[in-house]
Amino acid sequence: MKSSVEYYPDYETIALPDQYLTIEIPSWDAVAQPTLETVLEQYKSIAHVNTDVLTDDMVAALEIPNINSVSQLTQYAIDYFQKNSRQRKFYNEILPFLMAYYAEAAEVVINSEEKEAYFDQYYDQLNQFAEEEEMDLETYGAQILNLAEPVMQGIEERAEEDFIFHLIARKRYDEQGLKLDEEAYENFIHQNVLHQHADEIEIRDRLPYVKFKQMMPEMLFTQNLYDFFTEKIRFVKQGEA
């Protein structure tokens, strides 16, 4: 008997604690300032002038695509900060919370051999990541995954959560009537080339068909969670949260 999911909560019903949906900032001016300073220094090095004030003419002279003024540059810096901050918040905090939540709330029937095989693959992948960072697994868990002591117990708990998340993602994928055949793979490649302007050879190399079959349900589920929860993130000035 294969592992199966009897019940899992709809992510739209999960109420995240406010801390997961709040990012504090000093001010929007402070957020944009490093970018403005970098552009000013770039202009000064090219024009060989000494000034502390960035003007619209200076920005326009640098011919930055779609940016011709200080206000446009400021908005670009803010938008870039928001995008990156939401991404870090999701992967560092929100997704781990959701995976732990699903592991606790879902009702699953687990095949021990299937779980053991998944755990072996999970640990092999983590060891590979640790080697790339020139760390042992425990150090990687503490410094990169931000796991508290005992770290190895935390890694085992993460593996359990990841396995259940994997099962839920596959069930959702099947419930939506989606396929993992070669036609679905070719359509995935086509959509990325067409809409994301991705390089076809690079996509096929990074995600060959065998990995597509293994990873696509989780990729899609994670993207659904990302789209839903990152839109709820608020940026608040420090002291005003």
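The values are calculated or read from the model by the stated rules, or taken from the named source; none is laboratory data. Owing to the predicted nature of the structure, the values given are computational and were not obtained by experimental measurement. Here the Cβ is made from the backbone with ideal geometry for all residues, glycine too, and neighbour counts use every protein chain on show. Only protein heavy atoms, including side chains, enter the accessible area calculation; ligands, DNA and RNA are left aside. Shrake-Rupley method; radii C 1.70, N 1.55, O 1.52, S 1.80 Å.
Computed values, structure above
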quantity: Segment 47-96: number of residues that are of a type in the set (Val, Ile, Thr) and within 18 Å of residue 24 (Cβ to Cβ); calculated: 2
quantity: Number of positions in segment 213-233 that are open to solvent by 50 Å² or more (accessible area, probe 1.4 Å) and in contact with a Leu (Cβ under 6 Å, 6 or more places away or on another chain); calculated: 2
quantity: Positions within segment 101-110 being in contact (Cβ under 8 Å) with a residue 24 or more places away in the chain, open to solvent by 40 Å² or more (accessible area, probe 1.4 Å) and farther than 21 Å from residue 233 by Cα, in sequence order; calculated: 107, 108, 109, 110
quantity: Enumerated helices (runs of 4 or more DSSP H) restricted to segment 1-100, each holding at least 3 residues that are surrounded by fewer than 17 Cβ atoms within 10 Å (Cβ to Cβ) and of a type in the set (S, T, N, Q); calculated: 28-47, 70-89
quantity: Single condition residue 102 does not satisfy, out of (1) closer than 16 Å to residue 170 by Cβ; (2) at pLDDT below 95; calculated: (2)
quantity: So residue 117, is it assigned to a helix (DSSP H, G or I) and either surrounded by 15 or more Cβ atoms within 10 Å (Cβ to Cβ) or in contact with a helix residue (DSSP H, G or I) (Cβ under 7 Å, 6 or more places away or on another chain) (or both); calculated: no
quantity: Enumeration of residues in segment 129-161 that are among the charged types (D, E, K, R) and crowded, with 17+ Cβ neighbours inside 10 Å; calculated: 158, 160, 161
quantity: Lone unmet requirement of (1) part of a helix (DSSP H, G or I); (2) modelled with pLDDT under 95; (3) surrounded by 13 or more Cβ atoms within 10 Å (Cβ to Cβ) for residue 125; calculated: (3)
quantity: Residue count for segment 1-30, restricted to those that are more than 25 Å from residue 95 (Cα to Cα) and not acidic (Asp, Glu); calculated: 6
quantity: Scope segment 64-82; condition under 30 Å from residue 16 (Cα atoms) and either among the polar types (S, T, N, Q) or touching a helix residue (DSSP H, G or I) at 6+ places or on another chain (Cβ under 9 Å) (or both); matching residues; calculated: 75, 76, 77, 78, 80, 81, 82
quantity: Within segment 162-192, considering residues that are more than 30 Å from residue 103 (Cα to Cα) and surrounded by 14 or more Cβ atoms within 10 Å (Cβ to Cβ), the one farthest from the chain's Cα centre (by Cα); calculated: 189
quantity: Helices (runs of 4 or more DSSP H) lying entirely in segment 130-241 (those with 1 or more residues that are under 26 Å from residue 80 (Cβ atoms) and of a type in the set (Ser, Thr, Tyr)); calculated: 209-230
quantity: Hits in segment 47-102 (condition: polar (S, T, N, Q) and under 13 Å from the mean Cα position of the chain (by Cα)); calculated: 84, 85, 87, 92
quantity: Failed item, numbered, when residue 232 is tested on (1) among the charged types (D, E, K, R); (2) out of contact with any helix residue (DSSP H, G or I) (no Cβ under 8 Å at 6 or more places or on another chain); (3) more than 20 Å from residue 103 (Cβ to Cβ); calculated: (2)
